[in-house]
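The values are calculated or read from the model by the stated rules, or taken from the named source; none is laboratory data. This one's a predicted model, so the numbers in the text were calculated from it and none came from an experiment. Don't worry about glycine lacking a Cβ; one is built from the backbone with ideal geometry, like all the others, and counts go over all protein chains shown. The protein model used for the area step is the full one, side chains on, heavy atoms only, and it has no ligands, DNA or RNA in it. Shrake-Rupley method; radii C 1.70, N 1.55, O 1.52, S 1.80 Å.
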Amino acid sequence: MERYKESISVFVPVYNERDSVRTVAEEISDYLKSRFSDYEILLITSDKSTDGTTEIALALEREIPHLRVVNRGSDWSYAGALRTGFKNAKKELIFFTDGDRQFDIHELDLLMDAIKRFDVVTGYKIKRNDPLMRIWMSWLYNVTMRTVFRLSIRDINGAFKLYRRKVVDAVHFLPDLTQGVVNVEMYLTAREHGYTIGEVGVHHFHRLAGSPDSEIGTRGKIIAFVRPHIILESLKDTYKLWKKVHGWGGGTQSTVSKNPDKTQ
Ligand SMILES: Nc1nc2c(ncn2[C@@H]2O[C@H](COP(=O)(O)OP(=O)(O)O)[C@@H](O)[C@H]2O)c(=O)[nH]1
Ligand SMILES: [Mg+2]
């Protein structure tokens, strides 16, 4: 089994993931221990969690070596959680995934192989295991983003992404994006700096516990309604990013230290 020479930061945003957070943290820790000699695990929590997720994360911080919690206080946005992860990561390689067990950390080996040839390697879901309505919405989102930003990425918001530090350091994050559109900001920055992007197929599993923050009501095989607020926020984010890309007032706004995402 190959042991990797580079150091790695793995961060996971967790909001109301009481039944998954411990298993996710332990699986990531066991995997990293077996492959890396220099690594850190960051759990990005929010005071908005109502099911005890943050308390469990703090207990895990005492139990699991190299794991620390970065709490975002009352701020509550998926994009904010990702920015906090990127800004608090200290290692050469930076990887993030979700905290609901819909991905298998062992498939990071596939991305580690590809990172030898690219500066960014992102996993695309070979088969998305979510209700049909989410699959349609995601298809529409990907087609829209590819068209608006002339991107040729298969799974833009797929939460299984590995970056070299130089790519993350090059991003001047817009401070107020709230949704997955922040992933587009990362791809565009990488492209702008001539960094190379590779994609690798990974498996995606049904969510076993909890419910996605982005959905209302119970989900079925087909039915899953995305909150109108999330759709509106994604449209606003797209417009803000478009303005930034076209130098319309957006520009490079965020500066690292003044941003609430950098909590420590
Ligand atoms: N810290 C933090 N984590 C979040 C937030 N929203 C979602 N997450 C986490 O981000 C991951 C993806 O969210 P999920 O609802 O599963 O999205 P989906 O897979 O696209 O349906 C999960 O691990 C969530 O717990 C947030 O506002 N703050
Ligand atoms: Mg999920």
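Restricting the search to the range 81-113, which residues are within 16 Å of ligand 2 (Cβ to nearest atom), outside any loop (DSSP other than H, G, I, E, B) and touching a helix residue (DSSP H, G or I) at 6+ places or on another chain (Cβ under 9 Å)? Selection gives LEU82, PHE96, THR97, ILE105. Looking across the range 36-56, not a single residue is open to solvent by less than 20 Å² (accessible area, probe 1.4 Å), closer than 19 Å to LEU208 by Cα and hydrophobic (A, V, I, L, M, F, W, C).
Note on the range 106-125: among residues that are closer than 22 Å to VAL182 by Cα and of a type in the set (A, V, I, L, M), the one that is farthest from ligand 1 (Cβ to nearest atom) is ILE115. Among the residues making up the range 1-35, those that are open to solvent by 20 Å² or more (accessible area, probe 1.4 Å) and assigned to a loop (DSSP other than H, G, I, E, B) are MET1, GLU2, ARG3, LYS5, GLU6, TYR15, ASN16, ARG18, ASP19.
Can you tell me which residue among PHE96, PHE86, PHE149 is closer than 19 Å to LEU188 by Cβ and within 10 Å of ligand 1 (Cβ to nearest atom)?
PHE96
The residues of the range 52-77 that are modelled with pLDDT under 95, under 11 Å from PRO13 (Cβ atoms) and among the hydroxyl-bearing types (Ser, Thr, Tyr) amount to a single one, SER77. Here is a check on your reading of the model: is ARG154 within 16 Å of ligand 1 (Cβ to nearest atom), touching a residue at least 12 places away in the same chain (Cβ under 8 Å), in a loop (DSSP other than H, G, I, E, B) and surrounded by fewer than 21 Cβ atoms within 10 Å (Cβ to Cβ)? When the stated conditions are applied, ARG154 passes them.
Quick one: is LEU241 touching a Lys or Arg at 6+ places or on another chain (Cβ under 8 Å), in contact (Cβ under 8 Å) with a residue 60 or more places away in the chain, open to solvent by less than 10 Å² (accessible area, probe 1.4 Å) and farther than 27 Å from ILE105 by Cα? It is false that LEU241 is touching a Lys or Arg at 6+ places or on another chain (Cβ under 8 Å), in contact (Cβ under 8 Å) with a residue 60 or more places away in the chain, open to solvent by less than 10 Å² (accessible area, probe 1.4 Å) and farther than 27 Å from ILE105 by Cα. Determine whether ASN183 is within 16 Å of ligand 2 (Cβ to nearest atom), of a type in the set (S, T, N, Q) and open to solvent by 20 Å² or more (accessible area, probe 1.4 Å). Here the answer is no, as ASN183 does not meet what is asked.
Filtering ASP75, ASP47, ASP30 for residues that are more than 16 Å from ligand 2 (Cβ to nearest atom), under 14 Å from ILE105 (Cβ atoms) and among the charged types (D, E, K, R) leaves a single hit, ASP30.
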